[in-house]
Amino acid sequence: MTPPSLGKDLLGLEKLTAEQIRLVLDTAEPFKEVSERAIKKVPTLRGKTIVNLFFEASTRTRISFEFAQKRLSADTVNISSTGSSVQKGETLVDTARNLEAMRIDMVVMRHPSSGAAKFLAERIRSNVINAGDGQHEHPTQGLLDLLTIRDNFDAIDGLKVCICGDILHSRVARSNIWGLLKLGAEVAVCGPQSLLPRGIEGLGVQVFHRIEQAIEWSDVLNILRLQLERMSAGYIPSLREYYRVFGVTMERLEAAPKDLLILHPGPMNRGVEIDSRVADGPHSVILSQVTNGVAVRMAILYLLAGGEPALAEAAKRTNREGAE
Ligand code: CP
């Protein structure tokens, strides 16, 4: 049987099979250990050149990709819209083709327009990794969320996961929904009607309009921030009102029939969608998500560069033996 591969690009989880998603998660496992070493480096991508094109703000994704690349020994260049010729009106494709003329191998791109990663991937020969495109998908966030959930339960199959908050504007919600459903989870969303996309039930998710019901039903809550920068109209009466009705608080969690695992992709609005005591509490895995993000991104870079899953383990072993 042919082993699964990711193909040329990683644009989203919607088009991946369960087998491809498991391939990424399983390949990430041996890479976790690399970040725990005194010398956090393996030679796996030596000689590869990767460009990080970030046309939107990012802390976690941009730095996590950069660490992943450096830990795999790739050469990297970071470009943002400010300070590049995009400011002078150069198009995305012209920018990328000029970079390709300098013989790059991969592009990691965050862009405010939904579909920008696919648009670019169809026009350049380098591998393209979507680091978040508008309101469409954020596949590496979805994958690191899956890895973090898998770390905490025996299996994702049959788990009840509720994504809470601003689903309407969230690329993280979409990637999570696709990934979780493919791995057999039951998925729900919870938020005010104004922040739920019309027809969301059609994706195969349950809808809760009360956070207390979502908490009672779930094994895992993935809490999303209100994306105030994407809201053009009054979607909620006020932040204070949103917290009162939808905020995930200690009091609400203590009333739940079981302990819940708490995820948040960041950045958090403390006191809006999540209480600080929950964010920093015993059931929060928010910083584990960030740690897992590096391993997941190492796995994706490795697989797109043509690496085979079994070789990730072997590369780790060879490198460790060499270091001893
Ligand atoms: N979760 C996430 O995408 O965070 P950044 O916007 O900081 O990259």
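Out of (1) more than 25 Å from VAL294 (Cβ to Cβ); (2) open to solvent by 40 Å² or more (accessible area, probe 1.4 Å); (3) free of Cβ contacts under 8 Å to residues at least 60 places away in the same chain; (4) out of contact with any Asp or Glu (no Cβ under 8 Å at 6 or more places or on another chain), the odd one out for GLN135 is which? Result: GLN135 passes all but (3). Here PHE153 clears all of (1) within 30 Å of GLY234 (Cα to Cα); (2) touching a residue at least 60 places away in the same chain (Cβ under 8 Å); (3) open to solvent by 10 Å² or more (accessible area, probe 1.4 Å) except the condition numbered (1). Being at pLDDT 95 or above, among the polar types (S, T, N, Q) and either surrounded by fewer than 16 Cβ atoms within 10 Å (Cβ to Cβ) or in contact with a His (Cβ under 9 Å, 6 or more places away or on another chain) (or both) is a condition met by no residue of the range 245-265.
In the range 114-155, how many are in contact with a His (Cβ under 9 Å, 6 or more places away or on another chain) and within 16 Å of the ligand (Cβ to nearest atom)? Residues that pass the stated criteria total 9.
Every listed requirement among (1) within 16 Å of the ligand (Cβ to nearest atom); (2) buried (at least 17 other Cβ atoms within 10 Å of the Cβ); (3) outside any helix (DSSP H, G or I) is met by GLN69 save one, (3). Whenever a residue of the range 86-109 is on the phi > 0 side of the Ramachandran plot, its partners that are open to solvent by 20 Å² or more (accessible area, probe 1.4 Å), lying with C-beta atoms within less than 7 angstrom and at least six residues away or across chains, give the pairs ARG103/THR49.
Within the range 45-66, take every residue that is more than 13 Å from the ligand (Cβ to nearest atom) and open to solvent by 40 Å² or more (accessible area, probe 1.4 Å) and give me the one that is nearest to VAL128 (Cα to Cα). Applying the filter and picking the extreme gives LYS48.
For the range 190-221, a residue qualifies if it is under 18 Å from ARG244 (Cα atoms) and either within 18 Å of the chain's Cα centre (by Cα) or assigned to a strand (DSSP E or B) (or both), and the qualifying residues are CYS190, PHE208, LEU221.
The values are calculated or read from the model by the stated rules, or taken from the named source; none is laboratory data. What you see is a predicted model, and the numbers here were worked out from it, not measured in a lab. Neighbour counts are summed over all protein chains in view; Cβ atoms, including those assigned to glycine, are modelled from backbone coordinates with ideal geometry. Quick note on the areas: whole protein, heavy atoms, side chains included, nothing else; ligands and nucleic acids left out. Shrake-Rupley method; radii C 1.70, N 1.55, O 1.52, S 1.80 Å.
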